[in-house]
Amino acid sequence: MELRYRAPEGMNDVLPESSYLWCFVEACWRDHCHRYGYGEIRTPILETAALFERSVGETSDIVSKEMYVLERGEERYALKPEGTAPVARAYIEHGLHASGSVQKLYYITPFFRGERPQKGRYRQAHQFGAELFGTAHPLADAELLAMVMAFFAQLGIPEHALELRLNTIGCPNCRPAYRNAVYQFGQRNFSRLCKNCQSRLERNPLRILDCKECTATTMNAPLIDPYLCSDCRAHFEKVQELLNTLSVRYVRDHRLVRGLDYYTRTTFEVVADQGLGAQNALCGGGRYDGLVEALGGPPTPALGVGIGVERTLLVLHALNVALPSPPRIDAFIVAFSDEARLTGLQLAQQLRTAGVTCDIDLEGRSPKAQMRLANRSGARCAILLGESELATATATVKDLENHEQVAVPQAELTEWIRTRLSCR
Ligand code: HAM
C-alpha cells in the first residue's frame, strides 16, 4: 500500500507499545516535582513569536533558524520552541509574583524546532521542565540540581552513566568584558573558526566556545573566572559548596555557555555517555535572573531546567534499566453463542465499572477464534460463556497460565475476579 500521508519529518507517533513507558516517566516526573513542592503549569502550544524573540533571543539558532512561525491576520505566532519563556509570560500575566514567596512550577510539554532530524533530535520533541521564580539564593540552584539528579536516579539511571556539567556565565555587569575578550580572541583566530562560528562571532561570540567543530581552536580561549564580578564569583562558589554538601557530583565545564540568550550566572547540562550518540545532552538549564523583567514583569531572579523526554527514554533503553512491562488485561470474555455475547457484554460492563480491565470480541468471531484472541491479548484469564453457563447463571473462569478452570456464579464474578487477580 502506498502511503499517502506521513507524519511530518522529525515528528513521531507514539504507539501503545511504547506510550505506556511515556506514561511511566511522566508519572515519575510529576511525583518527583510534587515532592519538591512544585505545582503543574500548562501553557498554550503557541505564543506570540515576539515572546521568543525577546527571551530566547533573535540571533539564537532556535529563533533565527528553527522556529515554526504561523501568521493569522495581524498576529505572528510561534509553536513553542522551548518551555521557559511561556512559563515566565504566564508568571507575569497571572501576577504570581504577588504571592511574595518563591513560585515553583513544573510542566511536561511538546516543543518544536526545525532542526535536521537525527537520533535524539526531532522537530517535535518533549520536555520535562521546572522553573523556580523569586530567589537569587544559591540554595535554589543547589536544590534544583539535586532534584534533577535525583530524578534520573529515581528512574534507575546509575550515577556513573551521567555527568553534570556546571558553569557560570556571569551577569550583565561582568559578562560584557568577558564577551569582548572572547570576541577579540575569535577575531585573532578568525580563519580557524568554522563557517557557522565566523558568522556568529559578531552577534554571539560566546557560542564559539561550545562549538564542537572549533574545540581545537577555542581550547586557548579566555576563561570567564578572572572576569567574574565578586557577586557572581561568590554565588558560584556557594552553589558548588552546596552541591558538595548534598553529595551531587559535577564537573566544571568552562565551555558551557548554552544557546539561549536569557541565561545569567549558573548554567548546566547533564550528558549521558550511552544511548544518545552526538546529541548527548539529556537536559540543560540555568539561571535567568533578568528574563521576567525583560518581559515586562517586576525584577525577579529565576532558574530552571528542561529535560528531553525522548532522550531520557533512549538512555533508559540503552542502559537496559528495568522498566515496567506493558499493561496486561485481566480478562477476555469468550462467548459461545449470540445469546452468550449479550450476557458477555453486560458482564464486561460490570467488570470494567469495578476496575477490572477486560475485553470482548466485537466482530462476531467463532469461539475458537475468540480463544485465539484471548491468548494473544495477554489476558490473565478467559471468561467462558456457553450454553451450560447460561443455564446455570455461571461463568467458567479459565486461568490462561496454568489452564485451571473454575465455575463462578455470574452474580459473584466481579468480586471473585477482583480478589483472585488483585485488580485495582
Ligand atoms: P535546551 O537545552 O534547549 O534548553 O533543551 C533542553 C533539553 O531538551 C535538551 O537537553 C535535550 O534533552 C532536549 N532537546 C532539545 N532539543 C531537542 C530536539 N530537537 N529533539 C529532542 N530533544 C531535544 C531549553 O529548552 C531551556 N528552556 C531549558 C531551561 C528551562 N532553562 C531554564 N529553564
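Details
- Condition met for G296 (within 16 Å of the ligand (Cβ to nearest atom) and more than 30 Å from A369 (Cβ to Cβ)): no
- Selection status of V292, at pLDDT 95 or above, touching a Leu at 6+ places or on another chain (Cβ under 9 Å) and open to solvent by less than 10 Å² (accessible area, probe 1.4 Å): no
- Taking the criterion of being open to solvent by 20 Å² or more (accessible area, probe 1.4 Å) and either hydrophobic (A, V, I, L, M, F, W, C) or within 18 Å of the chain's Cα centre (by Cα) (or both), the residues of the range 119-138 that qualify are K119, R121, Y122, R123, Q124, H126, Q127, A136.
- The condition of being at negative phi, at pLDDT 95 or above, out of contact with any Cys (no Cβ under 6 Å at 6 or more places or on another chain) and buried (at least 23 other Cβ atoms within 10 Å of the Cβ) holds for only one of V321, V251, V315, V271, that being V315.
- For A153, the conditions (1) open to solvent by 50 Å² or more (accessible area, probe 1.4 Å); (2) modelled with pLDDT under 95; (3) out of contact with any Lys or Arg (no Cβ under 9 Å at 6 or more places or on another chain) are fulfilled apart from (2).
- Tally of residues being under 37 Å from the mean Cα position of the chain (by Cα), at negative phi and open to solvent by less than 50 Å² (accessible area, probe 1.4 Å) across the range 340-397: 13
- Failed item, numbered, when R255 is tested on (1) within 29 Å of A302 (Cβ to Cβ); (2) part of a loop (DSSP other than H, G, I, E, B); (3) not assigned by TED's automatic domain parsing to the domain that holds A140: (3)
- Of the listed requirements (1) more than 16 Å from the ligand (Cβ to nearest atom); (2) touching a helix residue (DSSP H, G or I) at 6+ places or on another chain (Cβ under 7 Å), D273 misses just one: (1).
- Filter pass, E339 being in a loop (DSSP other than H, G, I, E, B), of a type in the set (D, E) and away from the ligand (no atom under 13 Å from the Cβ): no
Rundown of residues vs (1) open to solvent by 60 Å² or more (accessible area, probe 1.4 Å); (2) of a type in the set (S, T, N, Q), yes/no style:
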{"residue": "F185", "(1), (2)": "no, no"}
{"residue": "R200", "(1), (2)": "no, no"}
{"residue": "L206", "(1), (2)": "no, no"}
{"residue": "E237", "(1), (2)": "yes, no"}
{"residue": "S247", "(1), (2)": "yes, yes"}
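For every residue, the table says whether it meets (1) within 13 Å of the ligand (Cβ to nearest atom); (2) among the acidic types (D, E); (3) in contact with a Gly (Cβ under 6 Å, 6 or more places away or on another chain).
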position	(1), (2), (3)
F133	yes, no, no
P138	no, no, no
D141	yes, yes, no
Q154	no, no, no
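The values are calculated or read from the model by the stated rules, or taken from the named source; none is laboratory data. In this text the structure is predicted, and so the values were computed from the model without any measurement. When we count neighbours, we look across all protein chains shown, and the Cβ atoms used for this are built from the backbone with ideal geometry, even at glycine. Side chains included, ligands, DNA and RNA excluded: accessible areas come from the protein's heavy atoms. Shrake-Rupley method; radii C 1.70, N 1.55, O 1.52, S 1.80 Å.
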